[in-house]
């Protein structure tokens with residue numbers, strides 16, 4: 001500590017606690033009069049504070065905006081009651097905008113509204129693949145099917161509000177509680193002989209959802225096909241993102257999020273029971289905040305810096321669940337929440353379940369994403385690539401690879417109906433040693449066209465490998481996929 005007494009003081013004052021009259025920063029020069037900001041500096045700092053909070057709202061609330069967009073998109077297909085379900089009876093093709101959806105299982109989804117219907121019963125059939133209920137913030141509520149408490153045998157579930165004091169529920173049901181009004185149920189059925197027919201029949205005959213109050217006379221289920229349908233379940237990436245979040249806050253109970261998050265939202269004008277009406281200054285700031293936050297989310301996804309994002313130290317493949325915790329907690333919470341890991345997942349994916357993060361040999365599913373080629377460059381739809389998968393692909397049930405549009409994070413729209421390959425549906429050509437080479441480019445190769453996925457000149461793309469029933473060699477990393485290598489390829493004639 002300095003022993004000098006500055007002018008105007010009676011004792012020595014540490015320089016570290018004082019503010020200079022002028023400070024040069026990334027937002028320009030800040031000027032003070034003996035520590036008091038000038039009017040111009042104060043205005044600049046308040047604008048910057050609003051901007052920072054707008055960025056933080058965007059990055060922290062991607063899960064809520066994504067669920068809101070999911071609800072709006074599915075409602076556009078006709079889901080206005082819990083006894084209505086959408087079903088990808090002819091698989092999920094690229095017509096609909098749906099975050100990294102797969103083309104390899106039969107999706108069935110139901111929207112649950114616990115305020116409208118009260119405690120809600122869900123009956124699922126035996127043989128159902130992975131299923132999950134998430135709340136309005138895309139937080140895990142309960143698993144169903146193979147990774148759920150019914151263990152694939154089928155069963156009945158009752159979904160209740162956290163504060164619901166209902167005690168009269170059947171003895172033979174699994175009870176789960178949610179903090180939110182809106183909840184999203186998604187189930188998956190596996191292909192049989194490469195076809196969706198058996199899974200579709202299983203859901204149509206065995207899935208039921210209805211209010212517990214109607215248990216003695218439940219309404220018939222209605223199934224709405226989502227195959228070959230145009231719909232959008234992707235949240236906005238401009239200033240209208242904040243309107244989506246406002247819709248969530250106005251609809252949901254106040255306790256759906258904590259005080260800290262409520263305060264962050266209130267700081268930019270989003271508060272339950274109050275209109276969200278930013279003035280011209282705030283609208284301009286939030287527009288810029290959305291642009292920067294959207295770019296930041298894309299940097300986190302496509303150029304992650306966290307070493308834990310890389311699955312292998314010598315490959316480009318990244319994990320969707322950085323840190324291996326579906327809550328994105330470091331060391332079970334001792335290290336706080338990994339905010340960037342949460343953003344990485346929800347900006348390009350949906351459905352939050354421990355089954356995708358935990359090591360469960362032979363059960364559930366595991367994922368790996370490749371955002372770039374072997375050199376770290378964006379995958380170019382005008383170029384040709386080869387991906388080598390060694391023998392012994394570690395999937396007990398089946399494996400697949402799907403390519404996606406980085407703009408929409410949905411299936412890439414190409415001349416192929418499904419921008420994907422999987423070993424349960426497609427007649428693939430393997431190498432003599434059991435390995436397989438997959439090809440990607442704008443035109444089919446002269447050799448290996450059965451192993452080809454089409455890309456689009458002028459468009460980039462990225463990909464996900466899915467392993468259903470992952471085996472030990474995936475978890476111990478003794479099996480490793482290659483990176484995407486640029487090649488010169490002769491087109492099919």
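Under the rule of -39500 (n - 2.57) per DSSP H run of 4 or more residues, summed and divided by the residues of the chain, what mean residue ellipticity at 222 nm is obtained, to the nearest 500 deg cm²/dmol?
Working: 8 runs with 107 residues, N = 493.
Taken over the chain, the calculation gives -7000 deg cm²/dmol.
How high is the FRET efficiency between residue 52 and residue 331 when r is their beta carbon distance and R₀ equals 22 Å, given to the nearest 0.05?
Efficiency at R0 = 22 Å is approximately 0.20.
Viscosity 0.692 mPa s, temperature 37 °C: Stokes-Einstein D of segment 381-493 from its Kirkwood Cα radius, in µm² per second? Before the final figure, lay out the partial values.
On the way: Rh = 14.6 Å.
The estimated diffusion coefficient comes to 225 µm²/s.
Taking Cα pairs under 8 Å and at least six residues apart, what relative contact order does the chain come out at, in percent? If you can, show how the numbers build up before the last one.
Details: 1041 pairs, mean separation 79.2, N = 493.
Once normalised by length, the contact order is 16 percent.
Hey, with R₀ at 22 Å, roughly what FRET efficiency would residue 488 and residue 435 work out to, going by the Cβ-Cβ distance, to 0.05? Each step should come with its number before you reach the end.
Details: r = 21 Å, r/R0 = 0.96.
Efficiency, from the Cβ-Cβ distance: 0.55.
With only alpha-carbon atoms in the gyration tensor, what are the semi-axes of the equivalent ellipsoid for the chain, in Å, largest first? Could the numbers behind the result be given before it?
Values: eigenvalues 361, 205, 86 Å².
Over the Cα atoms of the chain, the semi-axes work out to 42, 32, 21 Å.
Would you give the gap between the C-alpha center of segment 377-454 and the C-alpha center of segment 292-344, rounded to a whole Å?
25
Where does helix 339-348 land angle-wise versus the long Cα axis of the chain, in degrees 0 to 90, nearest 10?
Its long axis makes an angle of about 40 degrees.
Between helix 197-206 and the chain, what is the angle of the helix's C-alpha long axis to the longest principal axis, kept within 0 to 90° and rounded to the nearest 10?
Rounded to the nearest ten degrees, it is 70.
Between helix 241-251 and the chain, what is the angle of the helix's C-alpha long axis to the longest principal axis, kept within 0 to 90° and rounded to the nearest 10?
For 241-251 against the chain, the angle is about 80 degrees.
Could you give me D for segment 92-140, from Stokes-Einstein at 20 °C and 1.002 mPa s, where the hydrodynamic radius is the Kirkwood radius over C-alpha pairs? Units µm² s⁻¹, please. It would help to have the intermediate numbers written out before the result.
Working: Rh = 13.4 Å.
For these conditions, the coefficient is 160 µm²/s.
Counting DSSP beta bridges in segment 304-487, what percent are antiparallel, to the nearest 5?
Numbers: 32 of 35 bridges.
The answer is about 90 percent antiparallel.
Quick one: check the C-alpha center-to-center distance for segment 126-182 versus segment 1-74, whole angstrom.
44
With no solvent and one point on each alpha carbon, what is the Debye value of log10 I(q)/I(0) for segment 304-487 at q = 0.09, 0.12, 0.14, 0.16 Å⁻¹?
-0.32, -0.57, -0.78, -1.03
Based on the Cβ-Cβ distance of residue 476 and residue 426, what FRET efficiency does E = 1/(1 + (r/R0)^6) give at R0 = 30 Å, to the nearest 0.05?
Approximately 0.60, to the nearest 0.05.
Can you give the three extents of the C-alpha atoms in segment 78-225 along their principal axes, from longest to shortest, in whole Å?
Largest first, segment 78-225 extends 45, 29, 27 Å along its Cα principal axes.
Would you please state the base-10 log of I(q)/I(0) at q = 0.11, 0.23 1/Å for segment 26-146, with intensities from the Debye formula using one equal scatterer on every alpha carbon?
For segment 26-146 at q = 0.11, 0.23 Å⁻¹, log10 I(q)/I(0) is -0.57, -1.48.
Using only the C-alpha atoms of segment 150-309, find the volume of their convex hull and express it per residue in Å³. All intermediate terms of the calculation are to be shown ahead of the outcome.
Values: hull volume 36.3 nm³, N = 160.
That works out to 227 Å³ per residue.
Let me check against my output: what whole-number percent is the relative contact order of segment 1-69, with C-alpha pairs under 8 Å and at least 6 apart? Don't skip to the end; give the middle numbers.
Numbers: 43 pairs, mean separation 10.1, N = 69.
Result for segment 1-69 is 15 percent.
What Rg and what Dmax come out for segment 137-181 when only alpha-carbon atoms are used, in angstroms?
11.3, 29
Please express the Cα-Cα pair-distance distribution P(r) of segment 290-405 as a list of whole percents, one per 5 Å bin, running from 0 to the bin with the greatest distance.
All Cα pairs considered, the percentages come to 2, 10, 18, 22, 21, 15, 8, 3, 1, 0.
Read-outs: derived from the displayed coordinates by stated rules, not from any lab. Note that the coordinates shown come from a computational prediction; the quantities given were computed from them, not determined experimentally. Quick reminder, even Gly has a Cβ in these numbers, built from the backbone with ideal geometry, and neighbours come from all protein chains shown.
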